[in-house]
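The values are calculated or read from the model by the stated rules, or taken from the named source; none is laboratory data. This is a predicted model, so every value here is computed, not measured. Because the Cβ atoms are built from the backbone with ideal geometry, glycine has one as well, and the counts that use them run over all protein chains shown. Quick note on the areas: whole protein, heavy atoms, side chains included, nothing else; ligands and nucleic acids left out. Shrake-Rupley method; radii C 1.70, N 1.55, O 1.52, S 1.80 Å.
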Amino acid sequence: MELINVKDLISELKKKNIDLGKGDPYNRLRYYTKIGWIDHMIRKKDNNGVVVGHYPINVIDKIIEIESLKQEGKNNEEISSYLKEKQNN
């Protein structure tokens, strides 16, 4: 499984004009994880031996999809239902 560290994930999302809201984007990622929209991050050491959080690379597409649903006016419950249904199919 290919992983991307949190810092690079946030950078990639910004390059794709994905707005993670006001404040620290890391907190938005934690919230999405808490409510089950994205997978839990995996902690692993970087090249300097520092433990850093990593997400599966496919989380980029999932966050883009979530933000698109939000732009369409979907509320959290509707987004959760959509993602759950998509996962089951």
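Taking GluC sites (Glu not before Pro) as exposed when DSSP calls them loop and at most 15 other C-beta atoms lie within 10 angstrom, the chain has its longest site-free stretch at 3-71. Relative contact order, whole percent, for the chain stands at 32, derived from Cα pairs under 8 Å and 6 or more residues apart.
Entry note, the chain: the mean residue ellipticity at 222 nm calculated from DSSP H runs of n ≥ 4, each adding -39500 (n - 2.57), is -16000 deg cm²/dmol after division by the residues and rounding to the nearest 500.
Maximal additional length on extending the Ile35-Asn58 stretch stands at 6.5 nm, based on 0.36 nm per residue less the C-alpha distance. Here the label points at Asn27 and Glu77, each 7 Å from Cα along the C-beta direction, are separated by 2.6 nm in the simple model. List the pairs from Lys44/Lys86; Lys7/Lys86; Lys22/Lys86; Lys7/Lys70 whose alpha-carbon separation is above 25 Å, in the order I gave them. Pairs exceeding 25 Å: Lys44/Lys86; Lys7/Lys86; Lys22/Lys86.
Translational diffusion coefficient, Stokes-Einstein: compute it for the chain using the Kirkwood radius over C-alpha pairs as Rh, at 25 °C and 0.890 mPa s, and state it as an integer in µm² s⁻¹. This corresponds to a translational diffusion coefficient of 178 µm²/s. Taking the centroid of alpha carbons for each part, the range 1-37 and the range 47-89 are 9 Å apart. For Gln87 and Asn48, a Förster radius of 41 Å and the Cβ-Cβ distance give a FRET efficiency of 0.70, rounded to the nearest 0.05. Scanning the chain for trypsin sites (Lys or Arg not before Pro) in DSSP loops with at most 14 neighbouring Cβ atoms within 10 Å leaves 23-89 as the longest stretch between them. Against the longest principal axis of the chain, how steep is helix 6-15, in degrees 0 to 90 to the nearest 10, with axes from Cα atoms? Between the helix axis and the principal axis of the chain, the angle is about 50 degrees. Split the accessible area of the chain by element, probe 1.4 Å, and carbon with sulfur accounts for 44%.
The angle separating the long axis of helix 76-88 from the principal Cα axis of greatest extent in the chain is about 80 degrees. For the chain, the longest principal axis of the alpha carbon atoms and the long axis of helix 25-34 meet at an angle near 60°. The 3J(HN,Hα) values that the Karplus relation (6.51, -1.76, 1.60; θ = phi - 60°) gives for the range 47-63 are, in residue order, 5, 9, x, 8, 6, 10, x, 10, 10, x, 4, 5, 5, 4, 5, 5, 5 Hz. Gly and Pro appear as x.
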